Structure formats: C-alpha cells, structure tokens
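Contents: one structure, followed by commentary.
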Amino acid sequence: MKKTSHFFILYDVKIMKTKIYYNPRCSKCRIGLKILKEKNEDIEIIKYLEEAPTKEDLKKILEILKIPAIDLIRQNEDIYKKLVKKNDKPNENQVIEWMIKHPKIIQRPIVIKNKKAIIGRPPEKILEIL
C-alpha cells in the first residue's frame, strides 16, 4: 500500500486547512489543538504516529521551518539515543529516514498554515502563524 503524502494533498488548494501533526497522548499537542479550535481554524489533524510522514512531507516541513532535520528530533527519546549511538554524526537524509521509521522522535506539535510552519513548544507559539 502506497503512503499518502499529507502535505502535498492540500498544498496547492487555494484555501488550505491548518495542519497539525498530532499525538493525542501529548499534552502540548492537546493544548495546540485547543488553541486552533478556539481560533476557529479549519483543521486537518495528522496523527503522525499512526501514519508516519513521507520523506517528501518531512523535507517540505523542514524547508518551511528553515531548520535542519536534526532540529526536528526529540533528542531525549531513547530511540534517538540508540540511533545516534550507532552513528553519532548522521547526515540530513539519515535523520529523515530515522523520523520515517520512528515517528515518535519527531518534535510535536507541528502546525502548518499558508506556507508557514512552527513547532508548538510552547503551544502558544502556534499563535505566531495564525
């Protein structure tokens, strides 16, 4: 089964939904989603742990955020620590592959609106792109 790229499906649509890469178990994600709902945003919730972002999605997110892949990693996660122990100087593509295989290591929430994106830590940062 081919993976669907969440980013490109709606990227060319005139009126884009505000996307949130969301983990329901994460308090920051829940607060971020609440902020979007309070601002009456048209929201697309992407449960990235259920369906990991594609390589294209991650590259586009990184491009919009203007950060290297390593900055999108939750570096305190055990999975990341094990991966970096095997390769302590990963290149951009390796880090992206890690995020695809282990989406739990991706920073969250990520909110995208109108070709702008932000990592919602703290969640109030989301307001900067609304």
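Values quoted throughout were computed directly from the atomic coordinates according to the rules given, and no laboratory measurement underlies them. Please read all numbers here as calculations on a predicted model, not as lab measurements. In this analysis, Cβ positions are derived from the backbone assuming ideal geometry, glycine residues included, and neighbour counts consider all displayed protein chains.
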Hey, does region 114-125 have a residue that's surrounded by fewer than 20 Cβ atoms within 10 Å (Cβ to Cβ) and free of Cβ contacts under 8 Å to residues at least 24 places away in the same chain?
yes
Considering residues that are under 22 Å from T18 (Cα atoms) and exposed (fewer than 12 other Cβ atoms within 10 Å of the Cβ), the number found within region 61-107 is 2
